[in-house]
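Remarks on the structure that follows.
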Amino acid sequence: MIKVENLSKKYPDKDALKEINVTFPAEETTAIVGPSGSGKSTLLQSLNLLERPTSGQLIIDDLSLDLGQNLSKSQVLEVRKHFGMVFQEKALFTHLTVLHNLTEGPIKVRKISKDQALKKAEELLAQFGMEELADRYPYQLSGGQQQRVAILRALAMEPQYLLLDEPTSALDPELEAQVLRVLRDLAQKETSMIVVTHNMAFARQVADKIVFIDNGAVGYDGKTEDFFNSTDPRIQQFLGAMTF
Ligand SMILES: Nc1ncnc2c1ncn2[C@@H]1O[C@H](COP(=O)(O)OP(=O)(O)OP(=O)(O)O)[C@@H](O)[C@H]1O
Ligand SMILES: [Mg+2]
């Protein structure tokens, strides 16, 4: 379980996050939704400390960190061990094949043997029906394929939590559907995922809980179905402006 307490992020001219209190349960999918500029990416990246919050507590299972203090390098690494991250723009190693994109992190960072890393990578590709892509380079893949490889690359590290920031927003609808299928699969396998998405149909279908961030504050935190049936005018206004 991950928990943030009174998490704030101040920029000189802007309070991006204001005293956020949210729990992200293990083995569940949490969707972070909200208007552009509301603080979704800042919240997501505060969890793995890509963004340094100004104050608050970050709790990951037994680990509890005061974010108002200077954190040591080893504390930051300790936090990051729990997470795999997939960004909006695919960021594969362009000089490596798909297979080696999947083995690089496990070998170099997790110090897993080459044979074991290859075995794991082949298993992942097979599991998602992508074996035939193993020997291709990223430039030989479609955008949707690249993004699916990026997700598998994060999974190859066997993170406790998968963080995804609008993983499909750079894709056209057909490719988006391919990527969402992979995420739906993962959600069904009870992967612990936190996904920032503007795709409300996907959020409704896949997320166990919704965190609605509105102007740097939590506007809703609860069950998915209750969010979509909410009579709160602000939520209705937001949902009314979204396409499904
Ligand atoms: N480095 C920065 N300096 C100053 N302000 C920033 C910085 N990074 C983000 N912000 C501001 O913080 C707020 C939250 O940004 P954030 O990227 O978290 O929004 P978001 O909800 O992810 O938006 P989007 O849906 O457009 O991706 C925005 O108002 C943004 O302009
Ligand atoms: Mg964002």
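What to note about this one:
- Cut-off 10 Å between beta-carbons: net charge of the residues surrounding residue 41, Lys and Arg +1, Asp and Glu -1: -2
- Nearest 10 degrees, 0 to 90: helix 173-188 Cα axis against the chain principal axis: 80 degrees
- Derived scalar couplings between HN and Hα for region 157-165 equal 7, 6, x, 5, 10, 9, 10, 10, 10 Hz in order, rounded to whole Hz, by the Karplus curve 6.51 cos²θ - 1.76 cosθ + 1.60 (θ = phi - 60°), x for Gly and Pro.
- For region 91-159, the equivalent ellipsoid built from the Cα gyration tensor has semi-axes of 18, 12, 10 Å, listed from largest to smallest.
- Once divided by 2.2 N^0.38 Å, the Cα radius of gyration of region 68-185 becomes 1.09.
- For the chain: accessible area per residue (Å², 1.4 Å): 48 Å²
- Sparse-neighbour loop sites [GluC sites (Glu not before Pro); region 161-244; at most 14 other C-beta within 10 Å; DSSP]: 190
- Rounded to the nearest 20 debye, the dipole magnitude of region 24-151 is 400 debye, with +1 charges on Lys and Arg beta carbons, -1 on Asp and Glu beta carbons, and the Cα centre as origin.
- Mean-position separation - Cα centroids, region 45-91 and region 165-244, in angstrom: 23 Å
- Projecting the Cα atoms of 42, 196, 212 onto the charge dipole of the chain (Cβ charges, centred on the Cα centre) puts 42 farthest toward the positive pole.
- Carbon + sulfur, % of accessible area of region 118-170 - ligands and nucleic acids excluded, 1.4 Å: 44 percent
- Rounded to the nearest 10 degrees, the inclination of helix 114-127 to the longest alpha-carbon principal axis of the chain is 70 degrees.
- Charges were assigned to the Cβ only: +1 to each Lys and Arg, -1 to each Asp and Glu. The resulting dipole of region 91-159 about its Cα centre is roughly 280 debye.
- Charge dipole (debye, nearest 20) of the chain; +1 at Cβ of Lys and Arg, -1 at Cβ of Asp and Glu: 580 debye
- Looking at region 174-220, the trypsin sites (Lys or Arg not before Pro) that sit in a DSSP loop and have at most 15 other Cβ atoms within 10 Å of their own Cβ are 189.
- Residues of region 1-41 with amide N under 18 Å of the 7 Å Cα→Cβ point at residue 169: 16-17, 30-41
- Long-range HN-HN contacts of residue 196 with modeled amide H, under 5 Å: 32, 164, 165, 166
- Largest-first ellipsoid semi-axes for the chain, taking √(5λ) over the Cα gyration tensor eigenvalues, angstrom: 30, 23, 15
The values are calculated or read from the model by the stated rules, or taken from the named source; none is laboratory data. The structure displayed is predicted, hence computed values, not measured ones. In this analysis, Cβ positions are derived from the backbone assuming ideal geometry, glycine residues included, and neighbour counts consider all displayed protein chains. Accessible surface is based on the protein model in full, side chains and every heavy atom, while ligands, DNA and RNA are left aside. Shrake-Rupley method; radii C 1.70, N 1.55, O 1.52, S 1.80 Å.
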